[in-house]
Each structure stands twice: as C-alpha cells, then as structure tokens.
1. Regarding the range 474-613, what's the average projected area of the Cα-atom convex hull, expressed in nm²?
2. Near the amide H of residue 694, under 5 Å away, which other amide H atoms are found, from residues 5 or more places off or on another chain, if H is placed in the peptide plane?
3. If you take the charge dipole of the chain about its Cα centre, with +1 on Lys and Arg Cβ and -1 on Asp and Glu Cβ, which of 330, 196, 237 is farthest toward its positive end?
4. Among 661, 560, which comes first, then next, by fewest other beta-carbon atoms within 10 Å?
5. Restricting attention to the alpha-carbon atoms of the chain, what are Rg (one decimal) and Dmax (integer), both in Å?
6. Which of the lysines could a cross-linker span from residue 334 if the Cα-Cα distance has to be under 29 Å and same-chain partners fewer than 8 positions apart are dropped?
7. Please list 92-100, 417-425 highest first by mean number of surrounding beta-carbon atoms within 10 Å per residue.
8. Calculated FRET efficiency, residue 675 and residue 715, Cβ-Cβ r, R0 22 Å, to nearest 0.05?
Amino acid sequence: MKKEFLKNLREQVLILDGAMGTMLQERGLKPGQPPEELNLTAPDVVASVHREYLEAGADIIVTNTFGGSREKLLHYGLEKEVNRINKAGVKIAKDIAGDSAYVAGSIGPTGKFVEPVGDLSFDQMSDIFREQASVLIEAGVDIITLETFLDIKEIRAAIIAIRELSPTIPIIAMMTFDDAGRTVLGTSPEAAAITLEAVGANVVGSNCGLGIEGIYQILAAMRKVTTLPLISQANAGLPILKDGKTLFPATPDEMTAYHDRLLELGVRIIGGCCGTTPKHTLAMKEALKGKERPFKVEKSDKIITFLSSRTGYVAIGGDNPVAIIGERINPTGKKAFTAELREGKISYIRREAIEQTESGAVLLDLNVGTPGIDEAAAMERAVFSVTTAVQTPVVLDSSSTEALERGLKSADGKVLINSVSGEDKSLARVLPLAKKYGAAVIGLSLDEKGIPESAEDRFKAAEKICNSAKSFGIPADNIIIDALTLTVSAEQRRALESLDAIRLVKERLGVNTVLGVSNISFGLPARAFISAAFFSMAIAAGLDAAIINPKDKIMMDAFRSAMVLLGKDKDAVSYIEAYKNVADASVPSVEKEIEAPLDIKGKLGNAIISGDVDSVKDLVEQALAEGLSPLEISNNGLLPGLEEVGRRFEKNIMFLPQVIRSADTMKAAFARLKQELSASDIKPLGKILMATVEGDIHDIGKNIVCTLLENHGFQVIDLGKNVSADRIVKEAIANKVDAVGLSALMTTTMSEMENVLAKLGAAGVKTFTMVGGAVVTEEYAESIGADLYAGDAMEAVNRIRKLLGK
Ligand code: THG
C-alpha cells in the first residue's frame, strides 16, 4: 500500500517523472496531433513512457492528460471525448504505477484567459476544469497536478473548482515564469504562491520556461511568503537549435547541481519538464540518496496576513508597516461617484485607485453599495477596473452576499472581505465564501447585542469569530479583527475602549487588527487632528492596518512618523523619501506646490496611460471643440501616452493586462477621430499578416501581438493558428502585406518557420518577416533569415514600427 501522499511528502523527497510530449514524438506522435489522443489509439505507447520513468526511479507518474480539457480538445474536434481520454489516461498510468508510484492527474491551461484580459468568465473557466478534474478523480488519481499556467485567474478558477469536487485530493499547482521572473501576464512568484495557497493548493512551484537555476530563483521567492512544500520541474536547460533540431542541453549532472539548495528551500518534489528524459530521472534519484530529511520550514512567530493582486502582494502584521487601506472608493457622501455608479461608469473608480495608490495606499477598499443599482454587477466592474489600473490588492466592502461573491470571482488574487461580524447569521453567511475563494476576512468585534461597550466584551466577540473561522478551516492569519471606533464626540470613554480592545486582541489571540479610523472624529470640527492623534495611539496599541483617506496629508504624516518611532521604517528610509524636500516640519506643513494643471493634450495622454475608456471619449470631444485637429490630438495627445505605456512596460511598472487596456482606450479614441478624417488620412501604418505556423495550435502570444499592432495603428490580417506555409504565401501575395509575422510555441513546431520563410523566398515575395514565440530566440531568428525577432508583444510593435520607418 502506498502511504498517504501528503504525509509521505513530509518524510521524504519524491521524484516526479520527466517530459511526456517529446517522448511521444520520438515514438511516432505526428506534429499537430494531440498527445492525449494516444490514450485511446495507442495506450501501449503511452504506457511504455510511464514504464521507463518508473524504472528510472520516479515516485510520481503524471498522466498523459495535460491537454485533456474540453477547451483544448475542441481544437481537434475531440471535445466530446473528455471523459474517455482522461479516464484512459488514468488507467494507463495506474496499471504501470501499481503500488510503486503515485499517479498524478495532469491538467494544463486552456490557452484562453479569464475576463477582463480574456473572454472566458470565471464560471466558464471553472466549469471546464471541474469537468476534467472530476473524471480524473473518479478514475482514481492520487494527486491532481496543474502545470504550466500563465494566467493566475485561470489556475485560481481551476483550484476553486477542484476543491469543490474534493476537499481532500492533494493539489500541486505550478505556474511558468520567464527569465524576468514573471508569468506572461505579469504575476510574480510571491503573488502566485499566496494566491495558490489561499485557494487550497497543497504544493506550489514552477514548471517549464526556465532551467534549474531559474526555477531555483522562482522557488526562493515563493518561500518568502509560504510554508507549503515546494515543487521544482525545470526544463533540461533552455532549448538550443542544432542542425534544424531543438536540443535541451542540460546533462543529468547539470540538472542535479541545484539539489542541495532545493532541499534547503523545502522543495519536496523534484521532476523535470521539456527535454527531461529517464536518464535525467535516474540521475535525480541517485543524487537524492543519503540526503533525505524531514520537511521543516521556519515559521514566523507572529501571525502574518498575506494578500495579493495579479502582480504584487502585501504582508500585514509582524514587523511590517501598518497597511494603509484607501477608503475613497465608497459612495458615502459623494454625489458624483454615486451618479457614476448609477450610469455604470468607472472613471471615478480608476482615478481614485491610481491616486490613492500613489498617495501610499497598499490596499483599496471597494464599496459600491448605493440604492437602486445592481450591486453585484457594480462590484464586478469595480474589481475589473481597479485590478487593471493598479497592482494594489483589493478589499471587498459589502453587506450583500451576492456582491461579495461576484467580487471574489472577479478578483485575481487573495482578497480581503470586509466584513463578517460575531453574529451567528453573519458568520454562517460570510465564512463559507472566504473559505471557498481563499479570502481573508475582517471580523467586526460585535455580536447579537450590537457593539459591546467594554474592551473585554469586544475581545469576546473577536474570539468567537476566530473560533468560528477555525471550524470552517480558515486559519487565524486570514482573520483581521476590527475593534471598531465610535465617535468620541458622543461618549469620550469609547476611544480608550477601542484601544484596549486592540491590545487584548493582539495579546490573547495574536491575530492582526484593523480600524476605520476617521469614525472617531465624526461630529467634531477640524476632524483631521482628532483622527490623526487617535491613529497614532491605535498604532502604538498594536494596530496592523487602517482604513483611511490616504490623500489626507495629516493622517499620512502621522502614519509615516509612527512607523519611524516604532522601528517599522528601518533607518527611516520611507520617511526621508517622503519628506526630503520639506524644509522645516516644525512649521505648519506647507501644502505641496500645486502642479500646473494638465492641458487637454496632457489629459489625453494620461487617459491612455490609465486606460480610461470613458474619459478618453469625453476628452476627444473636448479637444475637437477646442479646435485641435485630429492629427494634433493623435500625435501630441494620445501617442505620447501610448509611448509612455511602452516605457512603463519595459520597466516592469505596467504589465500586459494594463497594456491591452491602454491599447483598447487608444482604439476607442481613434474610433471617434476617424469620423473627422477623410479616407486618405486614415492610412494604416502598415499591413501585417500574422499566423501561428502549421502543427502549432498555440495562439495566445500571437493574439496579443495582433491586438497591440491593431491598436498602434497597423492593419492586421490574422490567419489564426495551424496555418500551412502555402496559405501564408498565398495570402501574403494577395494582400500585398508589408510584413509577415510568424509564431510558434513549441520546439517541435518552430522549425516550420524556416519552411515558411523558404517558401516566401521561393515565391519571390518581398516582404519583411518577423518571428516570435516562447522558445524562439534572436539567434534562431537570424539563423533562419528572419528580418526581425520579437521577445514579447510590446517589442514586436516597437521593432516593426522602426523597421517600417513609422
Ligand atoms: N470598519 C470597516 N470597514 C469600514 C469602516 C470601518 N468601511 C467603511 C468605513 N468604515 C470606512 N470608509 C469610509 C469611507 C468614506 C468616509 C469615511 C469612511 C467618508 N466619506 C465622506 C462623508 O461621509 O462625508 C465623504 C468625503 C469625501 O468626499 O471624501 O468620510 O470602520 N471594517
């Protein structure tokens, strides 16, 4: 009998098998044929690969079901065969593994992204994975392994669906990062680890994309934010091209060179991705001998609450600075915002998201509750617009269960729910949501009888919340207690009770605390002074997070000063950075010099940078009314904004989702300008033919390039994926294109690019050529005679603009 997997993982390090696709190709899988089909047509071939890995010493055998989702099989007309293909895949692996190895059911990405970056909804995405995972689980896999994911929202939806099917099946969750340490959509290893753990992964890590050294760096970053066992599945080095064939250069010895360091990090599963063979597996097994040790990872003695966005994360508690939660996305007392909510507009939300973040908020409270609107729909819009405007994780502030759930589905990381109370009904309503969607929760220290007077009774309400959370399987680090502030103008003792409640909660429960600080001064003149003094006192009492207006200078002055005084701002670095230009702080603080207001061109540029579709349309109208010509609007307003987007992308300040959003904004502005222009004025910058080459059905990268090219003013003819060389040549001639862009993701299909280029040459087509794709390198591009290589979509646009002299 096999030992229970997760328990075994704490006792010993396990070896997972190597590449499947490349092994199947050597055994006759044709280019363009789905590997999963062999589960039905040639099970003995699949079995032979499993057997080789098992004999080489693999403890975990991975099923041949990576592309076995309905969405993926659809490309081959096999979408009705999800059940048969996955069932057969498990049976083949189980028959070989017997009692000697665990069987992990492999699930790969769909090739599509979740809204708003892609076009599948959360529910559609989770349905796809629920279908595949239920077959794998019913067929008896020991583990589910999610591999090669690029979109955090996609893998998050997958895990949530799997956890609904089974609360206990062990889940391994892996994403693929590039050499800049991000996934294609900008997710960092830390944000990935936090989000994946939150929704219920048992083992997190990385596969593909990088060699062992790169994977080690990714895992080291994950280790800063999680105590879960880690998994390493590196490629056998980065692919190189030799005599028209792709080779993975890492020898078995090179693959094991990092083993000691991996074990030190708490890596408990070591396997391999592309290019890994049974020889490598054998070497890995050998290299582990005599190095076994139990799993042990140092835990912080203080409770830390991690929250994440698609790209970044925030740590609350311990020695971290008090987390500033921006409160301004809240219709209370804000007429203009309330009106926008009614009209379904998002300009206010995007602007406040950006301004509050620039002012120092590390989290953003989203409250869109106002009478007469569909709050759930408004919450989804708010989450989409904030998460594509800034990297700040979100706090969902609503008393509506439906709005909370929509927000939780729309989010791309580990969010904070605001809030649950100590009332039984509230606990039963909110905590299951927090558990399912992997959210942390603010617990209001009140109960059936309302807000208790005394600190002791507020502590009791807090304790009740923590105990209830525990019974739902929510750990203490996912609960943040709000000790509650009432206005001091009505009853002065109350401020002190709140402060004592914070102390009691920290001392006896150890959990983190939060306050909506400004309530304290309600009804008094010059509220900011009372609020700031109280804020400082609460911080001294142990406050870990605060819901405030980060654009309120006095509050932020108090916050930054308190961080220095409590030693949470080491060497006062942040304080000095914020105040280095303030001449003398002992005099009443001088308002920051008011910057010259932006003119209309500046505003147009800013609208492009922030991706504000609503405003850009109004601004274009305004500019036209002021008498600017369409050309001036475009060249001196919009384009400088788009160029800034490009710069920020290169510097890793903006990521693909925001770039696409900005490009869409550009498109909206141009749609209006086109009405003003004559046909001769709107000549595109150039005509580009785009295609993924024959045998390859990966079109994510190509689609992104198409979108960006179009929005930068090029005319794009997109031939789609799996396009034959002859068709590319024919269309290039028929359309008289300025350039042909080719994409291939797999090492096995990129040689087809060379074939296309040769055929273009033979047909005498004089056009520029551009190639790209995950495994394509500059050297390769040169070796096959392409004019241009692009490492990513932004680079593709920039280089083609230069090449065509635009
Ligand atoms: N605890 C928790 N959540 C909370 C609160 C809390 N969420 C809501 C609130 N309290 C914190 N957020 C706000 C948001 C806005 C205002 C105050 C607190 C506010 N609005 C002004 C008004 O009411 O007049 C509008 C002023 C303006 O235009 O900016 O002050 O305690 N867990």
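1. The number I arrive at for the range 474-613 is 12.8 nm².
2. 723, 725
3. Result: 196, furthest along the dipole toward the positive end.
4. On the way: 661 24, 560 20.
Fewest-to-most Cβ neighbours within 10 Å comes out as 560, 661.
5. Final numbers for Rg and Dmax: 28.1, 88 Å.
6. Residue 334 reaches 345, 409, 414, 551, 553, 592, 601, 603, 617.
7. 417-425, 92-100
8. 0.75
Coordinate-derived values only; no laboratory data. For clarity, every value in this text was computed on a predicted model and none was experimentally measured. Methodologically, a virtual Cβ is constructed for each residue, glycine included, from the backbone with ideal geometry; neighbour enumeration extends over all protein chains shown.
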